[in-house]
Amino acid sequence: CTYCYARGGDYGLGPSMMTGDTAIAAVVEMERRFGAIRVAQFFGGEPLLNWPAIAALCEFLEHRGEADPPRPYLGMVTNLVHCPPELTELVRRYHIHVTASLDGPPEINDLQRIHPDGSGTFKTVARNIRQLRAATDEPSMIESTFTHHHASRHWTAAALRRFFLNAFGVRMVLVAPVGDPQDSDAAFRLLPQLCEGTS
């Protein structure tokens with residue numbers, strides 16, 4: 001994303017991948033310190049670039065003994081640009097609730113959510129959303145970042161929600177104003193238009 005606060009997903013630390021063993025060890029340590037975990041959220045960067053670690057953690061959580069804490073609710077936030085064939089089975093088997101990140105129709109999304117070569121991602125993501133929904137009913141939610149591109153084209157949160165419902169059948173839509181560390185008031189300037197037409 002052109003507005004990514006995580007510097008393209010690596011948080012300024014360079015590319016790296018967590019191993020499945022590290023993910024498992026992290027969950028075990030958090031449970032030791034804080035008790036049962038209610039929610040485990042796969043987030044990035046882009047979590048589906050490391051789907052083997054997700055699969056390893058899901059498998060671990062699914063097959064623990066009765067004395068262990070109950071399995072947490074599993075969620076994933078993904079741009080769905082990369083959709084490995086294994087994803088459908090992971091979502092089905094482990095009941096992973098998927099939130100897809102998409103910023104609206106191509107004329108907006110493709111200005112700010114782009115492939116490394118600069119081309120827009122809408123067509124790829126739309127195809128992957130439709131394929132995954134046909135097989136699993138996921139993603140059950142779309143997350144959209146509202147920017148000056150939306151405002152200049154007179155889009156509102158209500159209009160985006162209608163667009164996603166009509167395009168993909170997704171009813172749950174989170175629309176949030178972009179955050180800008182260089183301009184702390186940017187989100188507040190977008191709020192009036194973002195909220196227009198909502199009660």
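The values are calculated or read from the model by the stated rules, or taken from the named source; none is laboratory data. Note that the structure is predicted; figures quoted are calculated from it, not measured. Virtual Cβ from ideal backbone geometry, glycine too; neighbours counted across all protein chains shown. Each accessible area value is taken on the protein alone, full model and side chains, heavy atoms only, with ligands, DNA and RNA left out. Shrake-Rupley method; radii C 1.70, N 1.55, O 1.52, S 1.80 Å.
How big is the accessible area of residue 153 in square angstrom, nearest 10, if you roll a 1.4 angstrom probe over the protein chains?
100 Å²
With r as the distance between the Cβ atoms of residue 68 and residue 119 and R0 = 35 Å, compute the FRET efficiency 1/(1 + (r/R0)^6) and round to 0.05.
Plugging the Cβ-Cβ distance into 1/(1 + (r/R0)^6) gives 0.15.
Leaving ligands, DNA and RNA out of it, report the carbon-plus-sulfur percent of the accessible area of region 31-105 at a 1.4 Å probe.
Answer for region 31-105: carbon and sulfur cover 54 percent of the accessible area.
Fully extended, how many nm does the chain gain between residue 49 and residue 135 (0.36 nm per residue separation, minus their Cα-Cα distance)?
28.9 nm
Ordering 152, 119, 16 by accessible area with a probe of 1.4 Å, largest first, what comes out?
Largest to smallest exposure gives the sequence 16, 152, 119.
When the Cα atoms of region 24-166 are enclosed in a convex hull and the volume is divided per residue, what value in Å³ results?
Output value, Cα hull per residue: 128 Å³.
Please list 163, 168 in order of solvent-accessible area, largest first, computed with a 1.4 Å probe with all protein chains present.
Of 163, 168, the descending order of accessible area is 163, 168.
Per residue, how many Å² of accessible area does region 39-162 show with a 1.4 Å probe?
Per-residue value: 46 Å².
Hey, if we sort 3, 94 by accessible area with the 1.4 Å probe, largest down, what's the order?
Largest accessible area first, the residues go 3, 94.
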